Amino acid sequence: MKHVLPIVFASLLGGSLAAAEGETSREPSIFLEEPMKDLNEFVWEKRPIIVFADSPNDPNFRLQMEYLENRERDLVDRDVIVLTDTDPSVDSALREKLRPRGFMLVLIGKDGGVKLRKPFPRDVREITRTIDKMPMRQREIRERRANDS
């Protein structure tokens, strides 16, 4: 029994170290917390999804965020970044440009243009279908297939 305890302890410690290393090598989150002043930094790099609401407690906002969080991998594959704005009292540049009324979901393409604007939550499957129809995304898919062969 004396010899088993150090082995058990070492394996537990090793497992926690591996878990800690896994956490540090994780991809950065696609969910940005800080308010954005300018979407131009994402042009040709990312596809921003902006989720507006009048409160973080808005049921539509919560549902939309749940949808996005549950299928984060699908969004990462499509170079999506998620921005939120739940304070209408702050005149943010995003609110000024996109003029939401209550809840609103906006998908911006890599070219900086609005590709989807909806006043109710959308499933990630619907969002990714919209993205996958974009010419730039079609080219990305072709390039990825060519590189994989």
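What follows is calculated from the coordinates using simple rules that are stated; it is not laboratory data. In this text the structure is predicted, and so the values were computed from the model without any measurement. With ideal geometry, Cβ positions are generated from the backbone for all residues, glycine too; neighbour counts draw on all protein chains shown.
If a residue must be among the aliphatic types (A, V, I, L, M), over 20 Å from Asn60 (Cβ atoms) and surrounded by fewer than 17 Cβ atoms within 10 Å (Cβ to Cβ), how many such residues does the range 91-137 contain?
Looking only at the range 91-137, we keep the residues that are among the aliphatic types (A, V, I, L, M), and these are 93-94, 98, 104-108, 114, 116, 124, 127, 131, 134, 136.
Going one step further and asking which of them are over 20 Å from Asn60 (Cβ atoms), we end up with 93, 131, 134, 136.
This time we only want the ones that are surrounded by fewer than 17 Cβ atoms within 10 Å (Cβ to Cβ), so: 93, 136.
Matching residues across the range 91-137 total 2.
Table: residues versus (1) in contact with a helix residue (DSSP H, G or I) (Cβ under 6 Å, 6 or more places away or on another chain); (2) under 14 Å from Val124 (Cα atoms); (3) part of a helix (DSSP H, G or I).
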{"position": "Asn40", "(1), (2), (3)": "no, no, yes"}
{"position": "Val51", "(1), (2), (3)": "yes, yes, no"}
{"position": "Leu68", "(1), (2), (3)": "no, yes, yes"}
{"position": "Asp74", "(1), (2), (3)": "yes, yes, yes"}
{"position": "Ile81", "(1), (2), (3)": "no, yes, no"}
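Considering the range 65-105, and only residues there that are among the aliphatic types (A, V, I, L, M) and farther than 30 Å from Arg142 by Cβ, the residue that is farthest from the chain's Cα centre (by Cα) turns out to be Val90. Within the range 44-64, being in contact (Cβ under 8 Å) with a residue 24 or more places away in the chain and within 16 Å of the chain's Cα centre (by Cα) holds for Glu45, Lys46, Arg47, Pro48, Ile49, Ile50, Val51, Phe52, Phe61, Leu63, Gln64.
Of all residues in the range 111-149, those being over 22 Å from Glu45 (Cβ atoms) and in a loop (DSSP other than H, G, I, E, B) number 6. The condition of being in contact with a strand residue (DSSP E or B) (Cβ under 7 Å, 6 or more places away or on another chain), farther than 20 Å from Asp79 by Cα and basic (Lys, Arg) holds for only one of Arg95, Arg117, that being Arg95.
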